[in-house]
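Everything on this sheet refers to the single structure shown next.
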Amino acid sequence: MTKPPTAAAFAQCLSIFLLAGAPSTALAGPPNGAGGYDDLLTLFAELRALESPPADGSLPDYGEAAIAARRDKITTLQARIEDMNVASWGAPEQVDWLTVRAELDQQQFILDVTRPWARDPVFYIAGLLEVAFTDLPVAGRDADVLEQQLAAIPTALRAAKLNLTDVAADYADLAIRSLVLSDGVENGYPYREDPPDGIIGWYEDLRERASTQPELRPAIDDALTALRDFHGWLNDSRDSMNANNGVGREALDWFVQYALLLPYSSQTMMALCQREYDRLWGFLALEQQRNRDEPELGLSKSREDYQGRLAATDELVRNFLVDYDFISIPDYVPTDWREMGYNVPWIVRATPPNFWEQVQFRDPFPDHVHAVIPGHRYDAMLARANPNPIRSTVNSGSRWQGWAVYLEEATLVAGALKDHPRARELVYIFGIWRAARSMGDIHNQWNTMTAKETAEYWIESTPLLDPDVARKYAYLRPMPGHGLEYTIGNIEMWRLLADVKRQRGDDFAVGRFHDEFVAKGRIPLSLIRYEMTGLTDDVDQFWDRPPLETVIGR
């Protein structure tokens, strides 16, 4: 197993960062074509329609002809976006253009590199859990939808067996396991005292609950038969499912630099994440020494205890945001923590609490600022209110996760936890997990670590991390870069904060900075930096990109 760079290797990585931190292509400028900004908005609407499921409720087609037609459409859109007079536009419009082009590049990368319909069996089964979670009985339109969803499952799984021609070994193992075993985390699942065993178990649970609606049982039985058959087919075919999980170093570099608009090579990001990992371990050591006479934080003892901690945390966070002038809270943001929601439900299970529960049941603060306010839920509400049709819709992962991770330590540094010393330790543990996850994600995409090896490395590297959470995140199948977006996005946030403070000097105000940042939408951080500072060193690298075909050899 290849491990992430040690501290001894950091100097070498840093030299690579200084010499090769940016793409090596010649600098160019924005296109000087014929189309206007309205043409960009029209193109973006077409792209969003292309990404939507069929309007008639039928199943998406992932056969060769359908994929070829989709590829032709993306190619046409890419040609149209290059024929726009972007050079004459203002900075906000140029930012929108780069954002949409990056969205197109992501679609091309899916079509030509990741190809989940051919490589990932979980692509076909992950969405089936939501169907099995349906509360019964259902009536009217809801009953029609459920029957349609159940009837589609056998057809979808028959097509899957035809389309899955280049399956990655890690993906096959995850699919086989997911069908018959719980992931052990069950985030967002309905509560069951004895959780069902995997996707098949949840459909058995649905069938049992259909005693109140027996007319559904034939369709549920057909779905169960198809799921069991698919599980058997995967087991029988597993020996031939041996493709790599990752996309390789060159493809990863192209993807993060042009589809995610992060101005780094993957080697540079490895060095940056190693530095963060070491820093956060050091801060944790100092914090624990500082708190050596403080009582340890105990786990919540009951649902009522936990909900009390959630309510107290929400009050603490909201008061801090106002008193510190950290960020504005619009009137449409709910004031009740229960209406805002939270990530980790109260679950009593036979096994010890998982990583998220180990933190959340002690002190909800780190995840509350990350995922509730002013993190994900608050962030999403403001994005939906953005009048720009591009910025109200796009959700760049490094911006989405980078902002949320930044909030954990930024609120700590600003003093929100001055009276909660042990909670500060949990913030650093969260950060350690993000940095370790980023390095594991890069190695996994380089194909120097399997998913199993990645999970083992994470368990060795992260306090409180359990095998279930490690395994689940090691086998996650989003686009490459999902794991690294947390730490790299956080680094980009601190970089932006420093840039704006240096530029504005005594006129800088934290609250105004955060309000302005969130108002830009969830577009790539490098583009927000360009808008807020006028600095062009990042965007100059993005205008002229090498075709993906030259990177992947097609």
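Just a few scattered comments:
- Any hit, region 299-319, residues being in the same structural domain as Trp403 (by TED's automatic domain parsing), in contact with a Gly (Cβ under 9 Å, 6 or more places away or on another chain) and of a type in the set (A, V, I, L, M, F, W, C): no
- Residue within region 303-322 that is under 30 Å from Glu204 (Cα atoms) and surrounded by fewer than 20 Cβ atoms within 10 Å (Cβ to Cβ) present: yes
- Subset of region 374-412 that is β-branched (Val, Ile, Thr) and more than 18 Å from Gly489 (Cα to Cα) - its residue that is modelled with the lowest pLDDT: Thr393
- Spans of helices (runs of 4 or more DSSP H) in region 371-472 with at least 3 residues hydroxyl-bearing (Ser, Thr, Tyr) and in the same structural domain as Phe361 (by TED's automatic domain parsing): 397-414, 451-461
- Hits in region 51-60 - residues which are within 25 Å of the chain's Cα centre (by Cα) and either crowded, with 16+ Cβ neighbours inside 10 Å or free of Cβ contacts under 8 Å to residues at least 24 places away in the same chain (or both): Ser52, Pro53, Pro54, Pro60
- Asp72 vs. criteria over 30 Å from Gly534 (Cα atoms), exposed (fewer than 13 other Cβ atoms within 10 Å of the Cβ), modelled with pLDDT of 95 or more and among the charged types (D, E, K, R): yes
- Qualifying residue in region 352-373 (condition: under 28 Å from Arg471 (Cβ atoms), over 17 Å from the mean Cα position of the chain (by Cα) and surrounded by fewer than 18 Cβ atoms within 10 Å (Cβ to Cβ)): yes
- Among the residues of this structure, Gln288 does not count as one that is in a helix (DSSP H, G or I), in the same structural domain as Met439 (by TED's automatic domain parsing), touching a residue at least 12 places away in the same chain (Cβ under 8 Å) and buried (at least 18 other Cβ atoms within 10 Å of the Cβ).
- Of all positions in region 264-278, at least one carries a residue that is closer than 20 Å to Val359 by Cβ and surrounded by 15 or more Cβ atoms within 10 Å (Cβ to Cβ).
The values are calculated or read from the model by the stated rules, or taken from the named source; none is laboratory data. Just so you know, these numbers come straight off a predicted model, no measurement behind them. Every residue, glycine as well, gets a Cβ built from its backbone with ideal geometry; the counts of neighbours run over all protein chains shown.
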